[in-house]
Structure formats: C-alpha cells, structure tokens
Amino acid sequence: MKVLLDASYSVVDGKPTIDLFYKPESDIEDKQLVSVKDFDPYFYAIPSLGSDADVLIDALKEANFPQIKKLEKVRLIDMKDEKDVVKVVTLLPKNVPEIRDRIGDMRQCREVREAAIRFTQRYLIDADLTPMKGVADNKPRIASFDIETYHAGGTGEPILMISYADTKGLEKVWTYKNTSELDFVETLADEKEMIQRFMDTVKQQKIDILLTYNGDNFDFGFIKDRCDKYGIPFILGADGSQVKLERRGMDMGARVTGRPHVDLYPVCRRVFNLPRYTLEDVYASIFGEEKRDINVEDIVPFWDSGDPEKLAILFDYSMEDAKACLKIGLEVLPLEYELSQLIGQPMFEVSRMSSGNKVEWLLMRRAKGEGLIVPNRPDDREMRERALGKYEGAYVVEPDKGIHENILVFDFKSLYPSIIIAHNVDPATINCDCCKAEGDAWVSPSGARFCKKKKGFVPGVLEDVIKSRTRTKIELKKLRELNSQDKVGEKMLDAKQLALKILANSFYGYMGYARARWYSRECASAVTAWGRDYIKKTIEKANAEGMKVVYGDTDSLLITLPEGLDEKAVLKRKNEFLSRINKALPPAMELEFEGFYTRGLFVTKKRYALMDSNKKLTVKGLETKRRDWAIIAKRTQEEVLRTVLWEKNPEKAAEIVKATIQDLRDKKIPLKDLIIHTQLTKNLGQYANVAPHVYAAKKAQKRGKTIHAGDVIQYIITRRGKSISEKAEMLGFVDENDYDAEYYINNQLLPAVMRILEALGYKEEELKGLGRQMTLGGFS
DNA sequence: TACCAGAGGAG
DNA sequence: AAATCCTCTGGTA
C-alpha cells in the first residue's frame with residue numbers, strides 16, 4: 001500500500017490545487033504526486049438569532065463579495081442544537097481570511113466558524129485521508145543531516161561540513177577542505193558546491209523523511225542564509241520547492257514539502273524525561289552507550305590548523321552526529337507515525353503539536369464525520385477569563401510517615417478517561433433538556449448533570465480511543481505469545497497503544513484548557529469531583545475492611561493488611577477487596593492491583609520509596625528523581641534508601657553518608673557529580689529574584705556565552721562569593737576541585753539523606769557526630 | 001523570621 | 001501554550 005507522506009497546496013491557473021505526496025510500494029521509485037483540483041475552500045456563517053440561513057444567504061448575495069464562489073444552506077449540529085447554517089465557498093484559500101471578519105460583522109450573521117483551518121489540513125479531514133497509513137508494511141526512506149559551522153564570533157560565517165546518513169546505507173561528510181584520508185569524506189570545490197551536493201543527494205536518494213536535531217532553529221536557517229549569500233535556491237522539496245522557514249510561536253519550523261522534516265529535538269523533549277536534551281544525552285539514555293562528543297571550542301582551531309589528524313576528528317564527530325540522529329529517529333518515529341495516523345494530520349505538524357492540539361485535531365476530524373460544526377477558538381479576552389476560572393483537582397492522602405511493610409498498591413485504570421466515559425461528561429450534553437427529572441441524569445459531586453439518553457461527542461470519541469487501545473494491546477500480546485520474529489510489527493503495535501494512551505490521557509486536561517475549542521470548566525471540574533469521590537469512598541471501604549490506607553494520590557491506594565497473615569490469606573483479602581469495589585463501579589471503570597511491595601518509606605505527600613521482593617526500588621518525588629539536585633546527593637540518597645529498606649541497616653546507611661562527607665571535604669568527588677541542572681524558564685532580565693542558576697547564567701553571558709530562555713543551566717557552587725547565587729558558576733567556568741564542600745554537605749547531601757533517616761527517628765547531629773550515638777538496632 | 005518566586009515532580 | 005496538587009530552595013524585606 002502506498003503511504004501518504006505529506007500534503008500541500010498551490011494555486012495553478014487561478015485555481016487551488018491540493019498536492020498529495022505518496023511513497024509508492026517500490027523502494028526504487030520516487031514519490032507519486034496526486035493533484036486534486038476539485039476541492040474549494042470554505043467556512044460557515046451562522047445566522048443571527050432573529051435571522052435564518054435564507055435571509056443570510058440573500059444578504060450575502062446582496063453584498064456581492066467577488067471572492068465567494070458559492071453559497072449553500074447546510075444542516076449541522078452546533079453543540080446542542082441542529083440548525084441551518086450557510087456554507088460560504090470561496091475561490092481561493094486566501095479569500096477566507098479576507099472576508100470572514102466582514103461577514104461575521106454583518107447584522108444577519110451571528111458568527112463565522114471553521115474559518116481558521118489551513119486549507120491542506122481542511123482537505124485531509126474532508127477527504128478522510130490518513131497520513132502515514134500503511135507505513136508498517138512500506139517503510140519510508142529516511143535521511144538525517146547535520147552541519148558544523150565556523151563560529152568565531154563574527155557574522156556571515158561559513159558552513160564547514162555537512163554530514164548525512166540514510167536508511168539506504170549512504171553515510172557521507174561533505175566538505176571543501178580535506179587533508180584526511182577518511183573514506184566517507186567527499187571534498188567539494190567550495191561551500192556552495194557542498195550545499196549543492198547535499199541537496200542533490202536528498203533528491204537522488206528519493207528521501208521520504210528528513211531528520212535533524214534542532215534543524216528548525218539552527219541547521220535549516222543557517223543553510224538558507226548561505227544559499228542566499230550565493231544566490232542559489234535552497235531546494236529540498238519533493239516537488240522541487242524551496243525549504244520554507246515558518247514562525248511557530250516563539251520558535252521556527254523548517255517545512256520541506258513532500259518530504260516531512262521531523263526535528264527530533266522537540267520530539268525527544270516530549271517523549272523522554274531527562275536532565276538535558278543534547279544529542280549526546282538522548283543517545284546515551286536510549287542506547288546506554290556514550291556517543292563521541294567534541295568540545296565546540298575546538299572546531300575553529302582544528303579547522304584552521306589544516307592538520308590531517310585534527311580535521312579527521314572533526315569529520316568523525318560530524319559523521320557520528322548524523323548517524324546518531326538517524327538512529328534516534330528510528331527509535332522515536334514509530335510513535336510519530338502512529339500519532340500522525342490517529343490524528344490524521346501530516347508528520348510535520350504532528351511532530352510539533354502540543355497535547356492540546358493533538359486532541360483538538362482528532363476531535364475536529366471526528367466532528368466532520370458526525371455532522372458537527374466545530375466551535376471557535378476563544379479570543380484573547382475570553383481565554384484570559386477562562387484561565388482565571390480555577391477549579392478543584394485531585395485528592396491526595398496525607399501519608400502515614402515512616403516505614404511500612406507488606407504494602408499492596410491498587411489503582412484505578414485510566415481514572416479520568418473512564419469517568420468521562422462512564423458518566424458521559426461532555427460540553428454539549430451537560431445540563432441537557434432531556435434529563436431534567438430526578439434520576440434521569442448522571443449528577444457529579446460538583447453538581448453538574450450529564451445526559452443519560454444520548455452519548456456525547458467527546459466521550460464518544462474517547463471511548464473509541466480506549467477501545468482501540470484495548471484491541472491493540474490484545475493484538476500485541478498475541479504477537480508476543482506467538483514468539484514471532486516480527487519485531488517491527490511489535491514495535492509498531494506498541495507505538496500504537498502508546499499513542500492511544502497519550503491521547504486518551506489528554507482529554508481531561510483538554511476540557512480544562514483555556515484555549516480549547518471544546519472547553520468546559522464544568523466538565524473538567526466534574527471529572528475531578530468524581531475522581532475525589534471514588535478514591536475517598538474506596539478508602540472508606542478499605543478502612544471498613546480492616547485494612548490501613550498508608551497513602552494515596554488521585555487514583556492510587558497504598559494499603560497494609562493486619563500483621564500475621566500468610567501469603568494465601570493476603571491474596572484472598574486482595575481479591576475480595578478488588579471484586580467488592582469493582583462490583584460497585586460503573587462498567588467503564590475498574591480498580592486494578594498494581595503490585596506488592598515488601599517495604600516502603602513515606603516522607604511527605606508525593607515523596608516516598610517502595611522496595612519489592614526483587615530488590616527493585618521505586619522512588620517518587622524524592623531528590624533522587626529531581627534534576628535540580630547534584631548526583632552526589634541523589635546517589636547517596638538512593639544508597640541510603642536501599643540500605644534502609646533492604647538491609648534494614650540504618651547504621652550502615654549513616655556510615656555511607658559519613659564517608660561521602662569525608663570524600664567531599666577531601667575533594668575526592670569529581671565535578672560531574674556536583675552539577676546542578678536548572679532550566680531558565682524566562683529571559684535573564686525578567687527574573688524578580690536572582691537565583692543561583694540565573695546568576696551563573698548571567699556571569700557566563702558576560703563572558704560571551706549565548707544564553708536563551710529554555711536552556712538548562714548546568715552549574716557548580718564554588719567558594720568564590722558570599723551568597724549561594726554569587727558562588728554559582730556554569731560548568732565550563734569551574735576547575736576540578738573548585739567547589740564549596742560545605743555547601744554540598746549542608747545544602748545537598750545532608751538534606752537529601754536526612755529526609756530518609758529522620759523518617760526513622762535519627763537526628764542530624766548524630767550523623768555529624770560520627771555516629772557514636774547511633775544505637776537504634778533497626779526500626780520498629 | 002515570614003513570605004515570595006521559581007522549579008520540578010506526581011498522577 | 002492539557003489540568004491541579006504539592007514540596008522544597010534561596011532571595012528578600
């Protein structure tokens with residue numbers, strides 16, 4: 001089956017034309033272009049209350065807009081009401097923004113709808129076309145590239161080399177100065193020829209998907225500037241078109257027509273949870289091996305030296321970058337393929353889409369199928385008003401602090417999605433006219449009423465997503481049980497169920513999101529109200545059965561049973577509890593058994609650790625899990641947790657801490673274990689308080705380092721300065737051993753480990769006093 | 001010492 | 001540019 005990779009439109013002979021780019025089944029053929037000329041742009045005009053569709057049509061005819069091709073009366077459903085609206089068909093896509101406001105302002109028109117949907121995206125919905133469908137059996141030809149540039153602080157500096165790797169096995173570094181003998185390096189006459197070679201190769205290799213790492217904000221723009229300098233077009237499009245650099249909010253997006261460009265940097269930021277997102281960090285976290293890296297400051301001197309060995313290092317590094325980018329792409333693309341299919345939009349858009357927009361595009365596509373008219377996005381005033389409307393969220397149980405043994409963990413399976421489905425929570429069916437009598441509607445603890453007679457649109461779509469995920473998981477399980485060699489098939493199914501899970505979990509947040517078309521604070525607040533209700537009632541039942549709820553958060557319950565039960569009795573109690581709870585729940589909802597833990601330590605809400613019988617440690621919220629704490633504190637805290645939870649040996653834990661304190665004082669700890677990662681969430685000038693990471697970044701900026709909002713600052717606390725902020729220095733400006741041992745002892749190590757030891761009844765002085773007093777023989 | 005801004009995690 | 005709940009640090013008055 002051929003795969004729809006991308007869509008675009010152009011105006012040919014004054015007529016809008018949709019171009020569809022397909023990858024054919026054969027790998028040796030280039031893309032197929034299908035042009036569609038019979039689709040016209042349109043939007044809807046809703047008649048005023050005192051008016052109707054016919055009157056509005058007459059008024060529109062009277063107004064005689066030259067842009068209008070056709071006016072049609074169509075019957076559609078607008079939230080609760082079915083009504084006649086006017087479909088305004090225009091000659092060209094640009095006509096829509098030209099006339100929508102003027103029509104919306106007409107006396108006979110209440111408002112216009114669906115007038116801010118891009119023409120190509122509109123077409124994919126209306127034609128019911130699904131990008132990336134069939135990709136499991138017809139793999140795209142993927143290429144990645146990366147550039148190295150001459151950066152000595154000047155402007156208009158050149159590209160030194162372009163590295164390239166594709167799934168056909170071609171690996172190249174193109175340059176124009178080479179004394180090395182590396183076989184993958186090809187030397188061109190000059191920079192312009194090098195760029196030309198790159199563009200030609202993408203075309204010759206018939207590449208379907210282009211990958212970069214931060215290409216949106218760096219590589220594409222840089223190459224474009226160099227092309228402009230040489231007066232050559234930057235052509236990469238499958239239709240021979242130039243790369244389009246688009247503004248997307250704060251950032252840029254580099255669009256390549258027909259060969260979707262996926263920038264893996266924003267994708268990885270969404271998919272992985274890491275302290276930093278450099279190519280090297282992401283590579284190491286996925287593949288568990290270090291990728292060769294180079295000091296960026298070496299690039300210019302190495303290049304200028306002309307030394308064969310130094311140039312070879314640059315080429316090697318550059319080649320590794322392109323290869324790593326391709327390898328990461330092969331890992332994360334399956335999820336993007338599936339999201340693209342599910343949402344029904346091209347990969348260029350989907351790979352850059354927020355979760356809110358993902359849900360919205362799915363809803364918009366389904367709305368078309370069900371004859372619904374899409375609500376508008378709120379204007380700024382409306383949006384701000386919505387954002388002010390706060391509502392109550394989840395319930396968190398105050399933990400019974402300290403150590404507990406034999407902990408059973410239960411949680412509600414997809415709590416919020418299941419509530420939305422079970423109680424038909426929908427912005428259109430809320431407070432419906434058909435369920436006014438008592439007992440006719442689902443009534444949430446927040447007081448909102450939801451229709452029992454007609455399934456709502458939003459819960460309907462969500463139910464389909466959940467059902468699809470259930471089917472996918474069954475398929476995946478079957479495939480795995482067959483012990484098949486179809487690892488690609490497994491990967492695609494796993495990506496599919498994950499894509500469906502991501503989407504399902506976004507529905508609740510979407511309804512409470514101020515920019516949402518299907519916004520409903522009442523719905524979002526009804527969902528959390530039911531959530532609190534279900535968890536609290538479950539806690540009551542557990543207590544009534546003689547079990548003790550040690551902790552719980554939103555949808556989970558951590559309980560202990562009375563002491564002295566054998567394994568069989570525990571199992572029996574567990575199953576009885578589950579079936580009793582589930583019998584009382586609506587069919588869409590389910591309480592599940594998550595697992596059994598031999599021991600657990602509870603510090604505060606959202607901060608605890610569990611240990612299972614396989615010695616597997618699960619930590620939540622504690623410093624170990626946070627990127628804004630130094631490794632030395634995190635690692636020691638984890639060691640303490642293991643020692644306390646597994647070996648039940650607090651004295652040994654204390655010894656570990658004391659040894660680490662000594663190592664810090666003796667300057668035996670390497671700098672890399674002392675780095676603190678903190679993100680700059682705004683520009684340096686916008687901070688009210690100068691926190692350590694801000695101060696460190698400011699100093700680094702003064703010394704010539706480029707700093708942006710969004711950067712993750714890596715810093716060390718040194719001995720130079722008075723306040724902690726003054727002592728903070730970015731990595732790269734600190735020598736080994738140039739750290740403030742007392743800071744790391746008192747503000748990093750001790751707080752992290754004392755959190756644990758204090759929960760066991762130890763005092764900080766006992767640790768500092770080298771433990772003579774530490775006589776507790778375990779814990780009780 | 002009390003309070004605030006800011007960050008990052010849980011679910 | 002999905003929601004709220006929650007803890008904790010370092011700066012500031």
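Every read-out reported here was derived from the displayed coordinates using simple, explicitly stated rules and does not represent laboratory data. As the structure is a computational prediction, the values presented were derived from the model and not from experiment. Counting neighbours? That spans all protein chains shown, and the Cβs are built from the backbone with ideal geometry, glycine included.
General observations
- Applying a 4.7 Å Cβ-Cβ cutoff to chain A, the cysteines left without a disulfide-compatible partner are A:Cys109, A:Cys227, A:Cys268, A:Cys325, A:Cys434, A:Cys435, A:Cys523.
- Neighbour-count ranking [beta-carbon atoms within 10 angstrom, fewest first] of A:Thr278, A:Thr706: A:Thr706, A:Thr278
- Selection from A:Ile745, A:Gly237, A:Leu610 lying farthest towards where the dipole of chain A points positive, charges on Cβ: A:Leu610
- Over chain A, DSSP H runs of length four or greater, each weighted -39,500 (n - 2.57), average out per residue to a 222 nm ellipticity of -12500 deg cm²/dmol.
- Relative contact order of segment A:153-254: 19 percent, from C-alpha pairs under 8 Å at least 6 residues apart in sequence.
- Inter-part distance where segment A:238-299 and segment A:555-631 are each reduced to a Cα centre, Å: 38 Å
- Lys, Arg +1 and Asp, Glu -1 on Cβ, resulting dipole of chain A about Cα centre, debye, nearest 20: 2240 debye
- Fully extended contour minus Cα-Cα distance, from A:Glu309 to A:Asp433, at 0.36 nm per residue: 36.7 nm
- Contact order relative to length of chain A, as percent, for alpha carbon pairs under 8 angstrom and 6 or more apart: 9 percent
- Ordered by the count of other Cβ atoms within 10 Å of each Cβ, fewest first, A:Leu578, A:Leu757, A:Leu56, A:Leu388 give A:Leu388, A:Leu578, A:Leu757, A:Leu56.
- Calculated FRET efficiency, A:Phe287 to A:Lys139, Cβ-Cβ distance, R0 = 30 Å: about 0.90 to the nearest 0.05.
- Farthest towards the positive end of the charge dipole of chain A, among the residues A:Ala653, A:Phe315, A:Tyr395, is the Cα of A:Tyr395, using unit charges on the Cβ of Lys, Arg, Asp and Glu.
- Order of A:Phe450, A:Phe184 under a 10 Å beta carbon neighbour criterion, fewest first: A:Phe184, A:Phe450
- Were the residues from A:Glu590 through A:Ala569 laid out at 0.36 nm apart, the gain over their Cα-Cα distance would be 5.3 nm.
- Chain lengthening between A:Ile232 and A:Ser355 when straightened (0.36 nm per residue, less Cα-Cα): 40.5 nm
- Relative contact order [Cα under 8 Å, 6+ residues apart], segment A:204-282, whole percent: 34 percent
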